[in-house]
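Following: one structure in structure tokens, then a few remarks.
Read-outs: derived from the displayed coordinates by stated rules, not from any lab. Here the structure is a predicted model, which means the values were calculated and not measured. Cβ: placed from backbone, ideal geometry, glycine included. Neighbour counts: every protein chain shown.
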């Protein structure tokens, strides 16, 4: 691909990540290290200072096709039958393979645990919804094509139940509320989502369960399931999820990521049509942080 620089200036790796919307700065740096970028027909380095009029040519490497392979690992199975599995995903686990996370994902573990009938998606077999890597909690997974269609339809119709627990910054004047604000990619940082006028509608209901010195425990109920929805919505109302590396302030609660847990999941069984609901307690680090906050122990520190 050829890029003619007209107004951009600065380090080459930064300029590339700005001009190419699907390329991160670290990815641009890797291309430069592999001599895949030239400026004015000369191989360039990351620190090259781009000037107006520069002709940049990028030759991206051919991506290696991803394929999910079975990988034996312990899984916290909450419920399973011939049609569905409900899993309690630990914090830190990616749901399905993707560039940068080719293995050790929930899908790798599920492929070693069970079989999927009539589902052809080789990277996300049976996955109808996701939770972020550093969010813990419940996921429903279809084992058959029929179940996948049914569960996906329930998500689209907003008839299933998804309740989260979150430790968030600050205290509230209200005891409950609804955030109805459209979400899309942030125009300032494409790694983030943001409330944007032309975004997709997103609705989060919240209830304050407990208040501490500088934090609160809230329950969030989703009407929609947009990327980073709770994290962005709570930050939007100035109560970001504690520990969130993207949306919380640097002075926040330490840990392995955001204090956000998918605690309750309900849906209609795709075969029997029985109403099913499951609830799991937050992980140990989340529970201990609640104890510390209840005892008035201020854990806030600069975490990045």
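As a summary of the residue check, residue 92 satisfies the conditions (1) under 19 Å from residue 280 (Cα atoms); (2) not in a loop (DSSP other than H, G, I, E, B) except for the one numbered (2). In region 219-230, of all residues being assigned to a strand (DSSP E or B) and in contact with a helix residue (DSSP H, G or I) (Cβ under 9 Å, 6 or more places away or on another chain), the one that is farthest from residue 266 (Cα to Cα) corresponds to 220. Entry remark, region 264-304: residues being in a loop (DSSP other than H, G, I, E, B) and within 30 Å of residue 155 (Cβ to Cβ) number 10 in total. Selection of region 240-259 for residues being outside any strand (DSSP E or B), without any contact (Cβ under 8 Å) to a residue 60 or more places away in the chain and either more than 14 Å from the chain's Cα centre (by Cα) or on the phi > 0 side of the Ramachandran plot (or both) yields 250, 254, 255. State yes or no: is residue 216 touching a residue at least 60 places away in the same chain (Cβ under 8 Å), surrounded by 18 or more Cβ atoms within 10 Å (Cβ to Cβ) and out of contact with any helix residue (DSSP H, G or I) (no Cβ under 6 Å at 6 or more places or on another chain)? So residue 216 does not fit the description; no.
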